[in-house]
Amino acid sequence: MIEEENSAQVGFENETLQFLRDCSQTHQLSAIREYLDSYDYPDFDLRFPQYRTCGPGSPLGETLPPDGHAWMDVKVKKQSYTLKNWPSIQRSGIAELNAFIVDEEFLSLLQAKARHVYILVRDVPGNRLVLFNRRVFDTMRRIKVNRVTKFNGAYGTKGKLLMNLRWGVTLPQPVLTYDLLDQMIKLAYHVNGMAGEIPSYVRPDRCYVYEDEVIPEEGIERTDEHRNKDVAEK
């Protein structure tokens with residue numbers, strides 16, 4: 001099953017890379033760089049041309065400010081989650097249909113990387129593509145979900161955060177089209193409408209209302225112990 005899930009992830013990464021290259025060839029993007037083999041960067045570094053708009057008749061006549069720069073990472077929800085392995089999903093009140101689990105460390109990387117950063121999720125069970133922007137990462141409920149793992153005979157804890165796919169924007173079609181680029185630009189303006197800037201108190205190394213986790217106070221420094229990084233993932 002792990003090999004199957006990895007195959008689905010790699011397949012989506014390659015499909016997205018080809019789509020973005022096609023967008024560059026047709027001048028929908030001015031440049032792209034891929035970091036699919038890196039753990040230090042999101043998958044794609046994108047540059048939008050200054051004349052890129054949100055489609056015919058759109059009132060948005062500009063691109064991603066100030067220089068058309070954005071980052072995007074892609075993920076796959078290959079199958080439904082087994083609630084026996086992830087009991088926190090039931091306690092969260094989020095329907096399994098809309099549940100999506102990510103690494104806390106991964107979200108911290110995205111928050112620290114840039115103002116315009118996105119996650120594109122291929123939800124296979126739901127037959128949809130869902131796009132998340134920076135605003136979701138900064139304001140979402142922090143719901144910690146853990147499960148016991150075993151790697152080389154040693155037990156550990158898989159520390160994750162639960163996201164709701166309904167917090168993102170479902171693209172009009174479950175396949176990659178120019179709608180993806182349009183939605184990225186629209187969401188960029190949505191971020192810019194947040195009183196001008198991302199709230200100054202938001203820091204990726206601090207915690208804010210983490211549910212199902214005993215933390216003395218909000219805003220304390222996060223540590224490796226808090227993140228519960230799993231050796232099986234390293």
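Structure above, values below:
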item: Matching residues, segment 162-198, being at pLDDT 85 or above, in contact with an Asp or Glu (Cβ under 8 Å, 6 or more places away or on another chain), part of a loop (DSSP other than H, G, I, E, B) and surrounded by 15 or more Cβ atoms within 10 Å (Cβ to Cβ); result: Leu171, Leu176
item: Qualifying positions in segment 86-96 - touching a residue at least 60 places away in the same chain (Cβ under 8 Å) and hydrophobic (A, V, I, L, M, F, W, C); result: Trp86, Ile89, Ile94
item: Residue within segment 116-129 that is in contact with a Phe, Trp or Tyr (Cβ under 8 Å, 6 or more places away or on another chain) and within 19 Å of Leu83 (Cβ to Cβ) present; result: yes
item: Qualifying residue in segment 114-129 (condition: of a type in the set (Val, Ile, Thr) and either surrounded by fewer than 18 Cβ atoms within 10 Å (Cβ to Cβ) or without any contact (Cβ under 8 Å) to a residue 24 or more places away in the chain (or both)); result: yes
item: Breaking point among (1) farther than 30 Å from Lys186 by Cβ; (2) surrounded by fewer than 17 Cβ atoms within 10 Å (Cβ to Cβ); (3) in contact with a strand residue (DSSP E or B) (Cβ under 6 Å, 6 or more places away or on another chain), for Ala154; result: (3)
item: Residue ID - farthest from Thr170 (Cα to Cα), chosen from residues in segment 85-118 that are in contact with a Lys or Arg (Cβ under 9 Å, 6 or more places away or on another chain) and of a type in the set (S, T, N, Q); result: Asn85
item: Residue check for Tyr201: under 23 Å from Ala99 (Cα atoms), in a loop (DSSP other than H, G, I, E, B) and either more than 18 Å from the chain's Cα centre (by Cα) or at pLDDT below 70 (or both); result: no
item: Wholly within segment 50-157, strands (runs of 3 or more DSSP E) carrying at least 1 residues that are polar (S, T, N, Q), modelled with pLDDT under 75 and more than 22 Å from Asn14 (Cα to Cα); result: 142-151
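The values are calculated or read from the model by the stated rules, or taken from the named source; none is laboratory data. Since this is a predicted model, take the numbers as computed values, not measurements. No Cβ is skipped: glycine too gets one built from the backbone with ideal geometry, and neighbour counts run over all protein chains shown.
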